[in-house]
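Heads up, the thing below is written out as structure tokens.
The values are calculated or read from the model by the stated rules, or taken from the named source; none is laboratory data. Source: prediction; values computed, not measured. Cβ atoms come from the backbone with ideal geometry, glycine included; neighbour counts cover every protein chain shown. Just the protein is used for accessible areas: all its heavy atoms, side chains included, with ligands, DNA and RNA removed. Shrake-Rupley method; radii C 1.70, N 1.55, O 1.52, S 1.80 Å.
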Amino acid sequence: MPNKIKATVESMTARGIDAVTEDEFADLFENANVGLHWVGPDGIVLRVNRAELELLGYSREEYVGRHVSEFHADPKVAANILHRLNAGEQLQKYPARLRCKDGSVKDVLINSSVYRLSGRFIHTRCFTLDVTGIEQYHSTQRLLASIVSSSDDAIISKTLDGRITSWNNSAERLFGYSAAEAIGKPITLIIPPDRLDEERTILERLRRGEKIEHYETVRATKTGDAIEISLTISPLMDREGRIVGASKVARDISARKRAEAAAQAAQQSLAEGDRRKDHFLAMLAHELRNPLAPLRNSLEMMKRAPDNAAVFETAKTMMDRQLAHVERLVDDLLDMARINQDRLLLRKQQVDLVAVIHQVVEGIRPSAEASMQQLDVTLPAEPIYLDADPVRIAQIFANLLSNAVKYTPRGGRISLTAWLQGPSVTVSVKDTGLGIPGDMLDGIFDMFAQVKRPGEQPQSGLGIGLSLARRLILMHGGRVQALSNGPDSGSEFLVSLPVSVRMFEAQARARPAANSPHARRRILIVDDNLDAAESLAILMKLEGHDVRMAFDGLEAVKAAEAYLPHIVFLDLGLPKLRGSEAASRIRQQPWGKDMLIVAVTGWGQDKDRRKSREVGFDHHLVKPAKLEDLIRIIDALPA
């Protein structure tokens, strides 16, 4: 308060209001540091002080004598003030917005009352308090709060010791915790245990005043799910500039990461496709050029020695062999193209698989003998009939055997074995050759896939034989899998094909009665599920068999040694000793080498079947196993 005004007020106070002179009052009104103005009952400004004129930027002549509504941003507010004052109200901190001369607007609070004489409205007494900065501050705070609340990003603040102090709606949606659950808790609430070191590093950087932008990491939700996020972290300071906490903005980038991974996988797939295509074209050129040399040489031999019968016969034989090679290449390529375009038709008829395989073996044997390879074939004595295309069935096994010959070194061994297994026949083509790396077992049937040793060129061929064989097997309703213990350990291809429906029905009719003395078997059932074991035991007893039960892996090995069963139905997921380990221990004993061990399990993928076969199981049935399948396995045992 200026000294002159202060002195005037003190003098007025000492003498009492009645002794105040007009000059003193005018001086106080004019020099007050708060805006003052009087308005008549008709709304015309009668008087204004310097503080209000300075606030709004008008001269006295521009302000006095004009209607008060002209200075309000909203004229309705001025009308409402006059109406309420006329009604006898006194206004306290009434919010209004006044228009300045330069066009800007001031936020003000108005305290107003009416001076009356003999009950008649003489003029208002209005005090105008400028709150523009304060209102803007609160407006900004409200806006910021609204932005934080409605942001799509999770916005979190925390203290320097890692305690959460704020938690917006998006943080609730992203992490699953409500604000009530999160605020006051340590920020480690959402940090996986293996990433706690990150938080220590982040806090150290914040204490140094650093801002961390777009830091990609992983955080945990309330349900335990891991989500990938991008973090921007800024230090929070108090009025003295001291760092007292941090503000975090977290954005869920899981979808972006998945899209990036998918794009990268697609790019790698395209690159791999291009690489294979280029390799295929190079190999195709190589494979087509190879027979051209002996063909050209054979023609030259025939030209130069037209009368030499021995030369002529050698050249003719060589040309036949090379043309057959080219013919097969072209046929394989055309077949793959037809399959890819869904144009390959199977001409099915009843086919004796045993006869077809004998034919194929005789065609392959010269190539095996030329490489000094031993080719062993074990086939059932009786025909095995399929409803199949005989040409394509021959093509399947010709490709598998040719592959075995190609990848088996001189002096190696190749074996082909076939056996009936319920309503299907399984054919094994096994070699002691190059083997297949573990990471290639699933991809060995892909187009143009070839196995090669590090630093060596792949074998000749286009790499489509196995892919074509698998596609033909699938078209016949069968399946194929590749087995290998890795490089230089040989390979095995197991082909399963459904037998002819008529043959299967004939076998079922010819099956001996279950209660026949010749069909009676000793059966050991091993399952840690008591109900599963007992129910299967009852079924086997009703079929006329002797049955024992065991309920864990160690008990299974002991029971097998004491009981010497013909067949063991063995679950894989057993306590004390897993079923696969129990089967392996039984197989290692002299008394267990010839037992028929059947996996009865809930695991049914190709890799599970492969593993069970590797440890010594003869069959792999997936729960719930059909009684018919169990009976067929039992009845297939020799008498």
**Complete:** Cβ pairs under 6 Å, 6+ apart or interchain, first in segment 616-639 and among the small types (Gly, Ala, Ser), second open to solvent by less than 60 Å² (accessible area, probe 1.4 Å) and not in a strand (DSSP E or B), ordered by first then second residue, are Gly616/Ala583; Gly616/Ser584; Gly616/Arg587
**Complete:** Selection from segment 560-579 of residues over 23 Å from Ala636 (Cβ atoms) and either surrounded by 22 or more Cβ atoms within 10 Å (Cβ to Cβ) or over 41 Å from the mean Cα position of the chain (by Cα) (or both) yields Glu561, Ala562, Leu574
**Complete:** Of the residues in segment 604-639, those that are of a type in the set (D, E, K, R) and either more than 18 Å from Ser428 (Cα to Cα) or at pLDDT below 80 (or both) come to Asp606, Lys607, Asp608, Lys623, Lys626, Glu628, Asp629, Arg632, Asp635
**Prompt:** Which members of segment 91-107 meet the condition of being over 13 Å from Asp74 (Cα atoms) and not hydrophobic (A, V, I, L, M, F, W, C)?
**Reply:** Gln92, Lys93, Tyr94, Lys101, Asp102, Gly103, Ser104
**Message:** For segment 531-559, which positions are under 21 Å from Asp635 (Cβ atoms), assigned to a helix (DSSP H, G or I) and over 41 Å from the mean Cα position of the chain (by Cα)?
**Reply:** Ala537, Ile538, Leu539, Met540, Lys541, Leu542
**Complete:** Scanning segment 530-542 residue by residue, the ones that are touching a helix residue (DSSP H, G or I) at 6+ places or on another chain (Cβ under 9 Å) and either open to solvent by 40 Å² or more (accessible area, probe 1.4 Å) or closer than 22 Å to Asp594 by Cα (or both) total 2
**Item:** Residue in segment 402-428 that is least open to solvent (accessible area, probe 1.4 Å), counting only those that are over 30 Å from Leu637 (Cα atoms) and among the basic types (Lys, Arg)
**Value:** Lys406
**Asked** Looking at (1) assigned to a strand (DSSP E or B); (2) open to solvent by 30 Å² or more (accessible area, probe 1.4 Å); (3) within 24 Å of Ala255 (Cβ to Cβ), can you tell me which one Thr165 breaks?
**Response** (3)
**Prompt:** Given the conditions (1) part of a helix (DSSP H, G or I); (2) of a type in the set (Val, Ile, Thr); (3) open to solvent by 60 Å² or more (accessible area, probe 1.4 Å), which single one is not true for Val244?
**Reply:** (1)
